[in-house]
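Have a look at the structure below before the remarks.
What follows is calculated from the coordinates using simple rules that are stated; it is not laboratory data. Predicted model, so just to flag it, every value in this text is computed and none were measured. Every residue, glycine among them, receives a Cβ derived from its backbone with ideal geometry; neighbour counts consider all protein chains shown.
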Amino acid sequence: MAARTASVERNTRETQIRVSLNLDGSGQSRLDTGIPFLEHMLDQVARHGLIDLDIQARGDRHIDDHHTVEDIGITLGQAFDQALGDKKGLVRYGHSYVPLDEALSRVVVDLSGRPGLEYFVEFPRGRIGTFDVDLFREFFQGFVNHAKVTLHIDCLRGRNAHHIVETVFKAFGRALRMACGRDARLGDTVPSTKGSL
């Protein structure tokens, strides 16, 4: 069985990003982005998705975090798409509900080959520490555009902004873990009536 790994570099005048991942990992992460709160969330994806994740990023953060966060999402999506390979034998669909105290979020993913994001998350404040919560949508939009997946993210309830976003990223990791799983009954079949994803 081929290793489901990938390494991608993205270099622009705004950012320099390196992402390596292993979809069949043990949840280890090495993160150096200069954005501690985003690293905390990416660590949730690795741990709960059982994805080994190495992300190194530098960007024009003297302006703000926007370009760096978006480009990390883009590069992670590119690496994810490469690591999936031909998608034969994949479960394809994944979902997860994750609570954290008063907060509850649901994430559903389809490794469809078609990018689509439905994002319904409202925050009680605009920043968590110094992190602009608007950038979470930019991260996920970059990811789906380049991973070519359909992603539905819904925060069903919550009052604490940190709790809300943590449930989203944990559920995202668990949904990916389910969707990337292999179904032995499929063998070398792609899970689509079209024969490809």
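Brief remarks on what is shown
- Paramagnetic reach from ASP183 in segment 4-37 [backbone N under 20 Å; point 7 Å along Cα→Cβ]: 24
- FRET efficiency for the pair LYS194 and GLU118, taken as 1/(1 + (r/R0)^6) with r the Cβ-Cβ distance and R0 = 30 Å, rounds to 0.85.
- By the helix-only formula, in which each DSSP H run with n ≥ 4 contributes -39500 (n - 2.57) and the sum is divided by residues, the chain has a 222 nm mean residue ellipticity of -11000 deg cm²/dmol.
- Shape of segment 128-197, Cα gyration tensor, a/c cut at 1.5: prolate
- For trypsin sites (Lys or Arg not before Pro), the sites in segment 136-186 that DSSP calls loop and that have at most 14 other Cβ atoms within 10 Å are ARG159.
- Here the gap between ALA2 and ASP86, fully extended at 0.36 nm per residue and compared with their Cα-Cα distance, gives a gain of 29.2 nm.
- Rounded if a/c under 1.5, otherwise prolate or oblate - the chain, Cα gyration tensor axes: oblate
- Across the chain, the mean sequence separation of Cα contacts (distance under 8 Å, 6 or more residues apart), normalised by length, yields a relative contact order of 26 percent.
- For ASP188, ASP64, order by how many other beta-carbon atoms lie within 10 Å, fewest first: ASP188, ASP64
- Cβ-based exposure ranking for GLU70, GLU39, in which fewest neighbours within 10 Å come first: GLU39, GLU70
- Gap separating the Cα centres of segment 107-147 and segment 1-61, nearest whole Å: 16
- Summing Lys and Arg as +1 and Asp and Glu as -1 over all other residues whose Cβ lies under 10 Å from the Cβ of LEU100 gives a net charge of -2.
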